[in-house]
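First the structure, in the form of structure tokens, and then the observations on it.
Just so it is clear, none of the values below were taken in a lab; they were calculated from the coordinates. Source: prediction; values computed, not measured. Cβ: placed from backbone, ideal geometry, glycine included. Neighbour counts: every protein chain shown.
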Amino acid sequence: MIVGKDFPRLTPQNHRVTSPPSIDYNCVAWSAEDTERWWQPGNYWPVQTPSDDYGFDVLARAFEALGYVPCDDYRLEPGFEKVALYGSSSY
């Protein structure tokens, strides 16, 4: 389990570790089920964005391009795949 002040609402009931740390792909790519590419603006990103834009909005647009839609319910629901996006600001 990941612990720490950066993820205060993370509990054993609302997440699971699915792989060990790797330099082959990153957490954004993994959550998008892409284990072949390193996802990062300027390297690979599913929507056009400036290479130096790392804001929360860019992350949200990437997952919306994959078919995800925003929701306010953090609970697990049968038949739905949810991705939690964390960030400290939008810019």
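Things to note:
- Calculated [222 nm] ellipticity per residue, helices only, for the chain: -4500 deg cm²/dmol; basis is -39500 (n - 2.57) per DSSP H run with n ≥ 4, divided by all residues, nearest 500.
- Isotropic mean projected area of the C-alpha convex hull, the chain (nm²): 6.7
- Sparse-neighbour loop sites [trypsin sites (Lys or Arg not before Pro); segment 7-70; at most 12 other C-beta within 10 Å; DSSP]: 9, 16
- In a DSSP loop and with at most 16 other Cβ atoms within 10 Å, the chymotrypsin sites (Phe, Trp or Tyr not before Pro) in segment 1-57 are 25, 38, 54.
- For the chain: relative contact order, % (alpha-carbon pairs under 8 angstrom, 6 or more apart): 21
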